[in-house]
Amino acid sequence: MLSQQDNEILTRVGPGTPMGEVLRRYWTPALLSSELPGPDCDPVRVRLLGENLVAFRDTNGRIGLIQENCPHRGASLYFGRNEECGLRCPYHGWKFDADGACVDMPSEPPSSSFKDRVRARAYPVHESGGIAWTYMGPAETITPFRDFGTESLPEKNHLATKLQSYCNWIQTMEGNVDTAHISWLHSWDGAADIEDDGSDKPGYPSNKMTWKFWMHDRAPQLEIEETWYGFRYAGLRETPNGHTNVRITEYVFPYSTIIAAVPYNTRHLMVVPIDDNNCWRYNFEATVPSNPQGHGGAPLFSFGPFETPFTRRVGGITPRNYLAEADYNIDREVQRTTTFSGVKDFVSQDLMVTESMGPIYDRSQERLGTIDKAIIRMRNQLIRSAKSLEENSDAPLLALSGPDADFRKIRGADKILEEGEDWRYLGTDDDPAVQEAEEALRASEERSPQPAAGD
Ligand code: FES
Ligand SMILES: [Fe+2]
C-alpha cells in the first residue's frame with residue numbers, strides 16, 4: 001500500500017514533477033529509427049513524458065526532436081515541410097534545424113535579425129540498436145548514454161519493437177517485476193501434463209519444461225539482491241522432481257527489466273511513459289544472440305496455446321489487436337476449459353490486467369503479499385530517488401555510473417540449481433554459461449566480421 005502522496009510521486013511524469021525530473025536524467029527511447037526511414041522523410045509526432053514533440057530526419061540523415069508547436073504562433077510542425085536540413089512550418093514558413101535553431105524566417109524583412117533570437121525547444125538524439133534515444137533533462141546535468149550492448153550491435157540485429165499500452169507506466173513496470181503472475185495469468189491446463197523430457201534435474205531445463213515448473217509451484221519464493229543499477233531478484237520454485245528452479249529478473253533503474261530465460265538473457269523490456277496515462281513497451285535486443293535457445297532464436301514464449309505478438313524478428317510498431325473496448329477478445333469457454341485468462345494473445349493477457357486497473361491505479365487501496373517483494377523494492381528505489389532529487393538537484397542517481405558500471409553485463413537467467421548452489425552468480429561474468437556463449441560469439445566473429453548469429 002502507498003500513501004496517495006507517494007502514489008502521485010511514483011506515477012506523474014510531466015515536466016517539473018519529481019519523477020518526471022528523475023526520468024529526464026536518463027537517455028530514453030523517443031521512437032524507433034525505422035519510423036524515420038530516410039533523409040527528408042515524413043515527420044513523426046512524438047509524445048514523451050507528457051511533452052508534445054515532433055521528430056524528423058534531415059537531409060543529412062540526422063534526427064531532430066523539437067517541440068511540436070511552432071515557436072511563432074503554435075501551428076503543429078508535424079504538418080511542416082521537411083526540406084534542406086530543416087523543418088519548415090506550414091503557416092508562415094519559419095524553418096528550424098535539428099538543434100531547434102530558426103534558420104530561416106522568410107516572413108520578416110531580409111534585414112531582420114529576429115530569427116537569431118528564436119529557438120524551438122530541442123532535445124539531443126542518439127541512435128543505437130534501432131532506437132532513437134533522447135535526453136530531456138537540463139543540459140548542464142546531461143548524463144552519458146548507457147550502452148546496454150546496442151552500440152556494437154550490427155544493424156541486421158536491430159530488432160527493436162514497441163507496443164502502446166493505455167495505462168500508467170508503473171502498472172506496466174509492476175507486471176515486469178512480478179514473476180509470480182506467470183503461474184496464473186499466463187498459465188494453461190495442458191502445461192501440467194507436459195511430458196518430462198529428462199531436463200528436470202540440476203542444469204538447464206528445456207523451455208518447454210519451464211512452463212511445467214510455473215504450473216507446478218504457483219507460489220514462488222522471492223529473493224532480492226540490490227545492485228548499482230537497481231536490483232536483481234530470484235523467483236525460486238520447486239520442480240516436480242523436487243529440485244529448485246530459479247528465474248532471475250533484472251531491474252535496471254528507472255524503467256527497464258531483463259526477463260529470465262534459459263540459460264541467460266539480455267533482451268530488454270523498457271517502459272517509456274508517453275504521459276501519465278499511457279506508455280510504450282519497448283523491447284529490444286541488446287547483444288548479438290549467441291545462444292539460440294535463450295535469447296536469440298525462438299521468441300521467449302514460443303510454446304503453449306498462445307499467440308505471441310512479438311514482431312521482434314522484423315522490428316517496428318506492434319499493432320494493438322486486443323483492446324479494452326472488446327474485452328481483449330476474452331473467450332469465456334476457453335477460460336473455463338483451456339487457459340487461465342481466456343485471452344489468446346500472450347502480451348494482451350498482461351495488457352488486460354494492467355490496463356483494467358484504470359489509467360492510474362490508486363495504490364492506497366491495494367493489499368500486498370509476499371509475492372510483491374520486488375514490486376515494493378522497485379517503488380522504494382523510484383520514490384526515494386524522486387524525493388532526493390527534488391531536495392538536491394545534484395543527488396546521485398542509481399544506474400548512471402559506478403566503479404564496475406558496464407550495462408552490457410546485466411543479464412537475466414534461468415536454471416535448476418545444484419544442491420547448495422547460490423543463484424547470485426548466474427547471468428554474471430562468473431557464470432560458465434555466459435563465458436561459453438561469449439567465447440562462441442567471439443569465435444564466430446573471428447570467422448566472419450559480420451556475425452550471422454541469431455538467424
Ligand atoms: S506559426 Fe509557424 S511560422 Fe507562423
Ligand atoms: Fe506477463
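Summary table
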read-out	value
Cα point-scatterer Debye curve for the chain, base-10 log of I(q)/I(0) at q = 0.06, 0.08 Å⁻¹	-0.28, -0.49
C-alpha long axis of helix 207-216 to longest principal axis of the chain, angle in °	70 degrees
Long-range lysine pairs (8 or more apart or interchain), the chain, Cα under 14 Å	5
Cβ-based exposure ranking for Phe148, Phe79, Phe96, Phe346, in which fewest neighbours within 10 Å come first	Phe79, Phe346, Phe148, Phe96
Virtual paramagnetic centre 7 Å along Cα→Cβ of Tyr91, amide N under 16 Å, in segment 47-68	52-54, 67-68
Helix-only [θ]222 nm of the chain, DSSP H runs n ≥ 4, -39500 (n - 2.57) each, per residue, nearest 500	-5500 deg cm²/dmol
Semi-axis lengths, Å, segment 1-109, gyration tensor of Cα atoms, sqrt of 5 times eigenvalues	32, 16, 10
Efficiency of FRET from Cβ geometry, Met357 and Glu390, R₀ 25 Å, rounded to 0.05	0.45
Positive-end residue, the chain charge dipole about Cα centroid, Cβ charges, pick of Leu269, Ser76, Ser112	Ser112
Packing-based exposure ordering (other Cβ within 10 Å, fewest first) of Val288, Val334, Val262	Val334, Val288, Val262
Modelled FRET efficiency - R0 60 Å, Arg73 with Arg442, Cβ distances, 0.05 increments	0.55
Quotient of Cα Rg and 2.2 N^0.38 Å for segment 66-162, N being how many residues it contains	1.34
Kirkwood Rh in Å, taken over segment 343-455 so that all alpha-carbon pairs contribute	19.3 Å
Only Lys, Arg (+1) and Asp, Glu (-1) charged, at Cβ; segment 155-447 dipole about Cα centre in debye	540 debye
Pairwise centroid distance, computed over Cα atoms, of segment 79-94 with segment 413-446, Å	52 Å
Relative contact order computed over segment 359-455 (Cα-Cα under 8 Å; 6+ residues apart), in percent	11 percent
Residue-wise HN-Hα coupling along segment 106-117, computed from phi with Karplus coefficients 6.51, -1.76, 1.60 (Hz; x: Gly, Pro)	x, 7, 9, x, x, 6, 5, 10, 3, 4, 5, 9
Point-charge dipole on Cβ atoms (K/R +1, D/E -1) for segment 28-134, about Cα centre, debye to 20	300 debye
Lys/Arg +1, Asp/Glu -1 at C-beta; segment 155-447 dipole; positive extreme among Ala437, Met357, Val288	Met357
In degrees, nearest ten, helix 373-391 long axis to first principal axis of the chain (Cα)	30 degrees
Of Thr318, Ile375, Tyr251, farthest towards positive along the dipole that unit charges on Lys, Arg, Asp, Glu beta carbons give the chain	Thr318
Rounded to 5, percent antiparallel among DSSP beta bridges of the chain	95 percent
Between helix 346-355 and the chain: long-axis angle, C-alpha atoms, 0 to 90°, nearest 10	70 degrees
Rel. contact order, % - alpha carbon contacts under 8 angstrom, at least six apart, the chain	19 percent
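Read-outs throughout are calculated quantities, based only on the coordinates presented, and are distinct from any laboratory measurement. Not measured: the values here are computed from a predicted model. Ideal geometry is used to build each Cβ from the backbone, glycine not excepted, and the neighbour counts take in all protein chains shown.
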